[in-house]
Amino acid sequence: MTKTESLLALIPLLTNNTQYTKEDLADRLGTTVRSINRYITELEEAGFDIEKERRIYSISLHSPFIRSVSKHLRFTGSNLSTLVALIREADSSNAAIRNLRVQFNNIYGDTLFEGVKIDKEYNRNLDTIYQAIKHRRKAILHGYYSPNSQSKKDRLVEPFRFIMNDNSIRCYEIESGMCKTFKMARITEGITLLDEEWEHHAKHTSYFTDIFGFSGERTYRITLRLGILAARILCEEHGVSMKEMTQEDDTHWIYATNVCSYQGIGRFVMGLISDIDIIHGEGLKAFLSENLKVLTEKLDSSHKIL
């Protein structure tokens, strides 16, 4: 990498950086700490304001160059107000929405989403995983909490896909030799992006998420006949389902889809059972039959108590 390339690569690493020391920057650029010191001096001479907090270095967002570039990227007036309103009202459980709030705050100031909780550590983890997937690199999930063992453990993984509104990641775990789903919220001590490239790409199994939010490596084909009420509710709650629906007559629609679990679609069918017929899906029928037995037993038990 030439000196010019190193300087250009250093700028985005330092912009709003909250994690890199000089040693980290040297590792990322494949150079020495001495060279990093020289590059930082040259950036300062070029008009960049370099900030240091403990051992972390960053470029101030108030640097003339950053301000000059960002002013052409900023939203103003009604456009900004509309975007802020939409992001404020969006689902806070979506990691991408939280990341947007952080980015807008970085550009427009910390008061833009005043009162809205923003987890910067979570978003740093999100960005690190994004880089791991993009560049096909391994990563270490530090202090990953397992509710089963009630313990924390570092996990060496090959992240390859975000799922569940970016709240979870699909990874190949090196130790177990298996593809697993890891929840972002359970990563308690940060993430380290490694220089090591993926070695097990062929084992990164496909992963699917159905319209009811359930995910898995397998899918099951389901075909339902929906009445007017069931069809309307399904379309209102899951608009994408309209692509898989065909009208049979004036009062019925055929809905054929793949699901990863019978729980989501089972809940939908049980809630509107009088308006739905199961045309195809033996697994779904068995699932509903078993749950109806459990429900009957609970109802009988409650009658005895009364």
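The values are calculated or read from the model by the stated rules, or taken from the named source; none is laboratory data. Predicted model only: the values in this text are computed from it and were never measured. No Cβ is skipped: glycine too gets one built from the backbone with ideal geometry, and neighbour counts run over all protein chains shown. These area figures cover heavy atoms from the full protein model, side chains too; ligands, DNA and RNA do not enter into them. Shrake-Rupley method; radii C 1.70, N 1.55, O 1.52, S 1.80 Å.
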May I ask you to derive the FRET efficiency for T4 and I56 from their Cβ-Cβ distance with R0 = 22 Å, giving the value to the nearest 0.05?
0.30
Students often forget the sequence filter, so: which aspartates and glutamates lie under 14 Å Cα-Cα from K152 once same-chain residues fewer than 8 apart are removed?
E189
So how exposed is F208, as accessible area in Å² (1.4 Å probe, rounded to 10)?
90 Å²
Could you report the accessible area of L29 in Å², rounded to 10, computed with a 1.4 Å probe on the protein chains as they sit in the structure?
20 Å²
Those aspartates and glutamates that a straight Cα-Cα span of less than 16 Å connects to K298, excepting residues fewer than 8 apart in one chain
E290
On the protein heavy atoms, probe 1.4 angstrom, tell me the percent of accessible surface of segment 191-291 carried by carbon and sulfur.
49 percent
Exposure of Y20 as accessible area (Å², to 10), given a probe of 1.4 Å and all protein chains
40 Å²
